[in-house]
1. Using a 1.4 Å probe, what is the accessible area per residue for segment 42-111, in Å²?
2. So how much accessible area does Arg152 have, in Å² to the nearest 10, using a 1.4 Å probe?
3. What percentage of the solvent-accessible surface of segment 65-185, computed with a 1.4 Å probe over protein heavy atoms, is contributed by carbon and sulfur atoms?
4. Quick one: how many Å² of Glu94 are accessible to a 1.4 Å probe, rounded to 10?
5. Cβ under 9 Å from Lys179's Cβ, Lys179 left aside: what net charge do those residues give with Lys, Arg +1 and Asp, Glu -1?
6. In segment 32-102, if the dipole is taken from +1 on Lys/Arg beta carbons and -1 on Asp/Glu beta carbons about the Cα centre, which of Phe60, Val101, Thr80 is farthest to the positive end?
7. Quote the accessible area belonging to Ile251 in square angstrom, nearest 10, computed with a 1.4 Å probe and with ligands, DNA and RNA left uncounted.
Amino acid sequence: MRTANLRYPVLFLMFVAIAFLCSCGEDGPDGPEPDPDCIGPAGGTIAVTDTTSYLDGVSFSVAPGAWQQCWSVYMYYHSTFSTPNFPDGLEGYEGWLTGSVELEIGRGIEAEWIEAPENLEFELTFPLRGLTAEPGEKIMAFRYDEAAGLYRLAVPMRLDEERLTVKGHHYRQLWTWGKVDLADVDFDTYLAPVMEELHGAGGWLEIQAELDRLQAEALAGHRAMTCEALRIVRGSLAAAGEAAADNVRAIQDGLGGRCGTCDATTREFYDELSEYLKLEVGQYVADFFLGDSRNLLIRIYGIIMCSYMEYCIAQLDCDFECFADAVNLDFYVQLGLHGACAVVVELIDWAMISGYIDCPL
């Protein structure tokens with residue numbers, strides 16, 4: 001870890017007007033007036049606009065209703081010397097010169113500083129400052145988990161050419177941003193936790209188990225990839241994919257049409273959804289898994305699964321927000337299995353038809 005603990009306050013949302021008296025959340029006729037500048041149930045945003053500041057372009061936002069009490073927010077800059085070193089596969093926005101952001105959230109009551117709870121939800125936006133990703137690299141935010149002694153990755157919920165935005169609730173950890181080299185980063189240490197956070201630990205384990213089972217069945221007996229074996233594998237995958245599709249339709253039919261016309265096994269469903277993929281998490285997660293993971297089955301799963309991160313913004317024939325709330329984990333597992341089988345079957349068909357594999361039709 002870099003040593004000198006240098007931090008520079010660059011922005012704060014509330015100041016204590018009279019020491020020992022200021023309070024953001026105390027009510028009653030005998031209590032002090034609440035500070036109108038603190039962030040409370042109405043939400044709010046603070047942003048660094050000083051072009052001479054190291055944190056220029058960084059902003060902190062809270063959605064209306066996310067906080068039930070009023071809290072002051074401070075941001076401090078940590079230089080490269082007090083920002084932990086990056087492991088292999090992670091690179092800061094300024095290389096080794098990259099600093100980090102420390103958040104302090106709380107309120108002063110009778111000369112005592114009361115820290116806010118760690119589970120407060122917020123959004124952090126960082127300026128890219130010309131940062132670009134090469135093939136095999138992904139732009140992400142990092143937060144340093146001091147207890148574990150490693151960085152945790154945060155997948156952007158929004159990403160464009162100028163800035164990235166992430167959701168967070170670990171405000172006591174240092175935050176920074178940069179890019180991840182998927183070929184160099186340790187998958188189990190850094191990327192697997194991202195999948196667990198997106199799907200829950202149990203959901204990710206169940207998805208992995210399904211993919212492992214599919215792979216074991218496809219490669220049972222270590223059969224040579226002869227034309228005969230290839231056809232056997234294709235038939236097995238096609239049957240498994242159709243069975244999974246039947247399970248998906250059964251789950252959809254069980255909704256009784258209350259979410260509109262939603263059939264995730266048809267092309268029309270994805271045509272309606274495709275125009276929204278550039279918004280929010282959907283496009284980034286799709287790009288994250290398409291062709292960059294070293295694990296083929298995870299790449300295939302990513303193609304199918306990531307599209308559903310965008311249900312809440314869709315307003316088409318299918319009520320995607322209703323649909324996402326109504327279906328259960330088994331729906332996603334079955335849909336992922338159906339999609340994975342369909343992709344592999346198409347690859348086998350293409351290999352035979354194109355002559356890439358010399359098999360008579």
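The values are calculated or read from the model by the stated rules, or taken from the named source; none is laboratory data. None of these values were measured; they are calculated from a predicted model. Cβ sites come from the backbone with ideal geometry, for glycine too, and all protein chains shown count toward neighbours. Just so you know, the surface numbers come from the protein's heavy atoms only, side chains and all, with ligands and any DNA or RNA stripped out. Shrake-Rupley method; radii C 1.70, N 1.55, O 1.52, S 1.80 Å.
1. Details: 2940 Å² over 70 residues.
Computed with neighbouring chains in place, this is 42 Å² per residue.
2. Surface open to solvent at Arg152 totals about 70 Å².
3. Working: 2390 of 5160 Å².
Result for segment 65-185: 46 percent of the exposed heavy-atom area is carbon or sulfur.
4. Glu94 has an accessible surface of roughly 90 Å² with all protein chains in place.
5. Numbers: positive: Lys138; negative: Glu91, Glu134, Glu137, Asp181.
Local net charge: -3.
6. The residue sitting most towards the positive pole is Phe60.
7. 40
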